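Below is one structure, written out as structure tokens; comments come after it.
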Amino acid sequence: MLNQAEVAHYRSRIDTVLNDGKLTDWQRRFLVDIRDKLGRYGVRTRLSEKQLLMLNRLTRTQHPPPDLRVVVDNSRSEPYRPSPPVEERSQSAVGRNPSRRGPFRVRNQLRPRNFLRAPRAVRSLSVVSSRLMLIVLACVMVVGLVGSFLGGVEGPANVSGASHSDMARPAVATPAARKSFTVTDGDTIRLIDGTRVRLVGYNSPEKFEPQCSKEAALGNRASERLRQLVATGSSTDVQLVQCSCKPGTEGTKKCNYGRSCGRLVIDGRDVGQTLISEGLAVPFLCGATGCPPTPRPWCS
């Protein structure tokens, strides 16, 4: 995980690189995703080694980032002398007082014995037992999480803009799972387990990376309208669907940047139809293994 200085450094570098305007679309989406993670989780942000290498390359940052804060202590009157290694200190201590340090410690005969203290073998056994118990509990928790995830999701879901064809397989939506998500923008939500889902069948204006001020305003309106529909709807169903991507790319960054995709139905109506009818989105239908260019008519 990152410390507070690294989080602030990377966020500043990402903003600087995004303002340069010399990135490809996938590079911009990658940096925006990382910036959202840093803003949401802070020092608890977890990045893989590959993500960290790509982040350093795009932001032209050395790894680890330089420490910009230098603290000088002028209160020391004598020059600093490093302490000797532990082995040297032990040997010198043995020469001065064998009763305190050294390979064979001499017990103080005047000190009363502590009969309540467990023998060393018993203490070692208790430490091993506690560690084994922690490992068993961790395994049980992992198995439970994997089982709940596999039981709540059916079928793969990986690419944005999947078509409305019969190949899309909806997952079973249970009442307990309804409304267990947050709205990211007009066509993206995040499930309670952290899965990002691109809603299919339509495309809304971008609010994070708009091409003009009009698109930014419409993107914010579409996002707020989707939150309003979720808050006021009496029935909300999230259905994960199979996405349109090339064979063998499911679950990778080449397939919708690693996102899942699905449908959001509120009170029996797809939210895409509502946003399209209100001028806050446009239709966006994909084929079996790919999608046409993303429509963004708001700046033309």
Among LYS207/LYS246; LYS50/LYS254; LYS22/LYS207; LYS207/LYS253, the pairs whose Cα-Cα distance exceeds 24 Å are LYS207/LYS246
Note on segment 1-40: the mean projected area of its alpha-carbon convex hull, in nm², is 2.7
Length gained, LYS254-SER129, 0.36 nm per residue minus C-alpha separation, equals 40.4 nm
Checked segment 181-300 against the a/c 1.5 cut and the a/b vs b/c comparison, axes a ≥ b ≥ c from its Cα gyration tensor; verdict oblate
Residue span THR16 to THR294: 0.36 nm per residue of separation minus Cα-Cα distance leaves a gain in nm of 97.5 nm
Once TRP298, TRP26 are ranked on solvent-accessible area with the largest value leading and a 1.4 Å probe, the list reads TRP26, TRP298
Between ARG46 and THR182, the FRET efficiency computed from the C-beta separation at R0 = 22 Å comes out, to the nearest 0.05, as 0.70
Here the alpha-carbon Rg of segment 180-242 over 2.2 N^0.38 Å rounds to 1.15
Among segment 183-215, those whose backbone N falls under 14 Å of a label point 7 Å along Cα→Cβ from LEU145 are 192-195
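The values are calculated or read from the model by the stated rules, or taken from the named source; none is laboratory data. Please read all numbers here as calculations on a predicted model, not as lab measurements. FYI the Cβ positions are ideal-geometry reconstructions off the backbone, even for glycines, and counts take in every protein chain you see. All accessible areas refer to the heavy atoms of the entire protein, side chains included, with ligands and DNA or RNA removed. Shrake-Rupley method; radii C 1.70, N 1.55, O 1.52, S 1.80 Å.
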